[in-house]
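Derivation of every value follows stated rules applied to the coordinates shown; laboratory data play no part. Note that the structure is a prediction, hence the values are computed from the model and not measured. Here the Cβ is made from the backbone with ideal geometry for all residues, glycine too, and neighbour counts use every protein chain on show.
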Amino acid sequence: MKRFESPVKEIAWPQGNVYRKVSDLSNLRTLADRIPQEQAAQFKVENLECTPDSVSCSIQPVGPIAVHVVSREPEKCVKLETAQSPVKMTMWIQIVPTGDSSCKMKITVDADLNIFMAKMVEKPLTEAVGKIADMLSMIPYNE
């Protein structure tokens with residue numbers, strides 16, 4: 001297993017608001033519109049289907065991807081796992097309060113990669129985990 005971690009992100013919203021948004025994967029549909037143009041052009045997402053517990057789509061050039069929630073620890077952590085992917089991965093979204101109206105978030109991904117694959121995807125996966133954290137730190141959590 002190879003571990004990828006995002007930088008810790010400060011979020012100016014209460015921990016509960018952030019948890020409610022990220023623990024319901026159907027909210028990812030609205031986040032898809034926030035993907036910057038240069039990344040949207042690089043990775044074409046098709047057939048996006050979201051439920052509260054799962055997300056599936058096809059990403060060009062990667063192929064079909066499906067992720068589902070494995071566990072939720074209310075207001076603290078959401079654990080996700082790939083159900084369909086070229087690489088088996090587990091992801092944790094951890095949320096820690098820093099006050100009544102703010103929190104910190106960190107994303108950790110464990111990917112089952114052989115040594116050859118690890119060298120090829122280390123940089124793109126590190127960047128992807130950081131960009132996911134960036135995106136999640138910038139969205140409004142009052143909706």
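Just a few scattered comments:
- For a straight C-alpha distance cut-off of 21 angstrom, the lysines reachable from Lys76 (same-chain residues fewer than eight places away being disregarded) are Lys9, Lys21, Lys104, Lys106, Lys131.
- Length-normalised contact order of the chain in % [C-alpha pairs under 8 Å, at least 6 apart]: 32 percent
- Positive-end ranking of Ile65, Thr126, Ile93 along the dipole of the chain, with charges on Cβ about the Cα centre, is headed by Thr126.
- In the chain, the DSSP-assigned H stretches of four residues or longer account for a calculated mean residue ellipticity at 222 nm of -9500 deg cm²/dmol, using -39500 (n - 2.57) per stretch and the full residue count as denominator.
- Once you reduce segment 59-78 and segment 96-126 to the center of their Cα atoms, the two points are 13 Å from each other.
- Here the chain has an Rg and Dmax of 14.8, 45 Å, counting Cα atoms alone.
- Its Cα centre serving as origin, the chain has a Cβ charge dipole (Lys and Arg +1, Asp and Glu -1) of approximately 260 debye.
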